Structures are given as structure tokens and as C-alpha cells.
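Data first, discussion second: the structure below is written as C-alpha cells.
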Amino acid sequence: MGVVMKPLAPPKGFVETSIYKRVKSAVDYTLTVKYPSVIRGPAGLGKTTALNKLHWNDPNAVLISASGMQKHLLQMMRLIADAMNIHVFGRTSYEVYSAITTGIRERASEGTYLFIDEAHRMNLDTLREIFDLWENYGLPIILCGNNEVAKKTRTRASTFDQISSRIGKEVSLTVMEPHDFVLFGIERGVEGIEAFDALTSYGMRTSMREAAQLLDAARLIVGGSGSIKVGQIKAAAEYSFGSKKARQMLSPD
């Protein structure tokens, strides 16, 4: 796990896509009803961008990215304490744990809540301990990751049941909407109906992340702050895929 520092500015080129609105709906639910939420979806849709924007918006939000499974409970708790600026003291593990949980209860009473991105990297035992922070200390929690987040396994069915019974809202993200790419194109300086059609077709076949990479490449071709037109989008796609596949990727049909 790693603590994500609150950014000084919102994510560059951010637009309120349908994905952002669905992620926000899960956050709003957790802050209102107080039950944990789980957000699942494939890579590249903009889940992390949405979390970063929500993190930036709200001083009460704390964001942690799970870079691996934390098998040591106390290590995981120390990271959460660091993210919440909780002073940790004590000689024994029990004293340290008690100081952390007392601090978490205080932060939760002040309105602090926790995002965990890349939550699919955490095993079920770790997730169960995380959910205990909500159940025992009142900390609102939103988990976000791919479709493996809190997934049931045959060998850990009982642990999964303990977790799933605590989830208040589950949001499953699949594909983006065509209008998302129109908004994104406007933000990135795309001009012309043909250019927007090509960008939308490409994005619907790939992801928002890959659409952003395509426009970054097109921007290099433009050179400077001029508008990105269909010619530059085609040239960027052809550079990556070749002319035949580029035509397929950019075609509305």
C-alpha cells in the first residue's frame, strides 16, 4: 500500500464522464448511509482519475493505493494512520494498535473517510480487517479496483461471506458512453465532426486511457496549441497500428 498525497490541482484534462458520475454515486451513498461501497471495472475506464478528482475536492477524503497484499495487520494500520495524520505511540504492538484505532475513531467522527484504489490487490483477510475499521470504529470506506475486488473463492467462501454481507453498494463499470469521448475531445481541443466521430469510435473500441494516449500523439503531430483535427488523429492511429487497423479502429461502423 501507499499513501496518495492530496494533489494541489485537479487531474489535468478532467471531464465529468459517466464513469465519474457512477463512482461519485458510490461515494455519496457511503457518506450518506455509512455502509462501505465497492467499485469494480476493467482498467482504463477512468476509475482512478475519478478517485483523484474526488480526493482533491474534499479535504476529508483520504486515498490509499494498494500496491500489494499487506499480510501484516499492524503495517497496514500504520499506513492508514500516516494517511490520516494520526500520531502513533506505544512500546508494544497492542499499545500501537490501540493508539491507531483510537485515532481512526476520532478522525471518522470528524468526517474523514477512506478510498482504497487497486483494492483487487488485497487478499480477503486484509479486506476483512479493513471492513472492521468501518464496523468497529465508524470509518466510511470505498474500495475501487478491477473485477477481482472482493471476489468469492471456493477456498475462502466463509471469509467472502463475512465481507459481502457488509457491502452496502456495489457499482460495476463496464463500458463508457459515446458522449464521454465528446466531452473529452472538447477538453483536449478536438475540432470537427469527423474528428469527434473518429475519437468516439476509437474510444468505444479501447478505453479512455488509450483515447488519451491517441490524442497525446495527435497533439505532438499538431505541434503547439492548435486544434486537433481528423487528419492528426488518423496519423496518430496509423503510426501505432498501421493504416489498415487504424481505419478499422476509427471507423464508426
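Could you tell me which numbered condition residue 241 fails, if it satisfies all but one of (1) aromatic (Phe, Trp, Tyr); (2) surrounded by fewer than 20 Cβ atoms within 10 Å (Cβ to Cβ); (3) within 29 Å of residue 23 (Cα to Cα)?
All conditions are met except number (3).
Among the residues that make up region 20-37, is at least one of them touching a residue at least 60 places away in the same chain (Cβ under 8 Å) and of a type in the set (Phe, Trp, Tyr)?
Yes - at least one qualifying residue is present in region 20-37.
crowded, with 19+ Cβ neighbours inside 10 Å, of a type in the set (A, V, I, L, M), modelled with pLDDT of 95 or more and under 30 Å from residue 183 (Cβ atoms): does that describe residue 26?
On the way: crowded, with 19+ Cβ neighbours inside 10 Å: yes; of a type in the set (A, V, I, L, M): yes; modelled with pLDDT of 95 or more: yes; under 30 Å from residue 183 (Cβ atoms): yes.
Against the criterion (crowded, with 19+ Cβ neighbours inside 10 Å, of a type in the set (A, V, I, L, M), modelled with pLDDT of 95 or more and under 30 Å from residue 183 (Cβ atoms)), residue 26 qualifies.
Quick check, is residue 176 touching a residue at least 12 places away in the same chain (Cβ under 8 Å), crowded, with 17+ Cβ neighbours inside 10 Å and assigned to a loop (DSSP other than H, G, I, E, B)?
yes
When only residues in region 222-238 that are under 30 Å from the mean Cα position of the chain (by Cα) and surrounded by fewer than 16 Cβ atoms within 10 Å (Cβ to Cβ) count, which is nearest to residue 201 (Cα to Cα)?
Result: 227.
Out of the residues in region 106-124 that are surrounded by 15 or more Cβ atoms within 10 Å (Cβ to Cβ) and in a helix (DSSP H, G or I), state the one that is nearest to the chain's Cα centre (by Cα).
The selected residue is 119.
Looking at (1) among the small types (Gly, Ala, Ser); (2) surrounded by 17 or more Cβ atoms within 10 Å (Cβ to Cβ); (3) over 18 Å from residue 9 (Cα atoms), which is the only condition residue 61 fails?
(3)
Among the residues of region 185-202, what is the count of those that are crowded, with 18+ Cβ neighbours inside 10 Å and modelled with pLDDT of 95 or more?
10
Hey, can you tell me all the residues within region 201-231 that are in a helix (DSSP H, G or I) and in contact (Cβ under 8 Å) with a residue 40 or more places away in the chain?
201, 202, 205, 208, 209, 210, 212
Is region 39-48 home to any residue that is surrounded by fewer than 16 Cβ atoms within 10 Å (Cβ to Cβ), under 22 Å from residue 127 (Cα atoms) and out of contact with any strand residue (DSSP E or B) (no Cβ under 9 Å at 6 or more places or on another chain)?
Within region 39-48, one or more residues are surrounded by fewer than 16 Cβ atoms within 10 Å (Cβ to Cβ), under 22 Å from residue 127 (Cα atoms) and out of contact with any strand residue (DSSP E or B) (no Cβ under 9 Å at 6 or more places or on another chain).
The values are calculated or read from the model by the stated rules, or taken from the named source; none is laboratory data. Remember, it's a predicted structure, so these values are computed and weren't measured experimentally. Cβ atoms come from the backbone with ideal geometry, glycine included; neighbour counts cover every protein chain shown.
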